[in-house]
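The values are calculated or read from the model by the stated rules, or taken from the named source; none is laboratory data. Owing to the predicted nature of the structure, the values given are computational and were not obtained by experimental measurement. Note that each Cβ is placed from the backbone with ideal geometry, even for glycine, and that neighbours are counted across all protein chains shown. The area values use the complete protein model at the heavy-atom level, side chains included, leaving out ligands, DNA and RNA. Shrake-Rupley method; radii C 1.70, N 1.55, O 1.52, S 1.80 Å.
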Amino acid sequence: MKAATLAGEHAGVSSLQQLAQQTVEQWSDLCQRFLDQQRREILAGVPEPEKLQENRAALKLMLRFARALYLTASDPDYPDHHVSGELRGRRLQLEHSWRMIHDPMPEAEADQLLKQVFPE
């Protein structure tokens, strides 16, 4: 009876790990579709204010979810380090997207940086 219980627990853990991996794959695919749509609708031209507001709300939600997932997967005892790496990469992409679209560098600061990098 004890061996059967242990085998059942192992199957449960294995199933949970597989579910977690599938969830991360789905999340990663969703992130890619969101970033592709953002590139088309926001970055490729001059977006309408409503589109920017929609993007801001969606991106904020995605960042919260990405951080929560990454917090779990980055635990040192988490069994699948690939999952942690995938989530870290997506989190960084979403954070970069936020800074680029919703928290851009002021023009004066950008001009100063360009002068430092490319002196006349």
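Structural remarks
- Among residues of segment 65-99, those that are under 21 Å from residue 43 (Cβ atoms) and in contact (Cβ under 8 Å) with a residue 24 or more places away in the chain, counted: 8
- Residues of segment 18-69 satisfying the condition of being polar (S, T, N, Q), over 30 Å from residue 80 (Cα atoms) and exposed (fewer than 15 other Cβ atoms within 10 Å of the Cβ): 53
- Residues satisfying the stated conditions in segment 70-101, i.e. acidic (Asp, Glu) and surrounded by fewer than 12 Cβ atoms within 10 Å (Cβ to Cβ): 75, 77
- Verdict on residue 64 being modelled with pLDDT of 95 or more, of a type in the set (Lys, Arg), closer than 25 Å to residue 16 by Cβ and out of contact with any helix residue (DSSP H, G or I) (no Cβ under 9 Å at 6 or more places or on another chain): yes
- Meets criteria (assigned to a loop (DSSP other than H, G, I, E, B), open to solvent by less than 90 Å² (accessible area, probe 1.4 Å) and farther than 27 Å from residue 13 by Cβ) for residue 104: yes
- Tally, over segment 12-57, of residues that are touching a Pro at 6+ places or on another chain (Cβ under 8 Å) and farther than 21 Å from residue 74 by Cβ: 2
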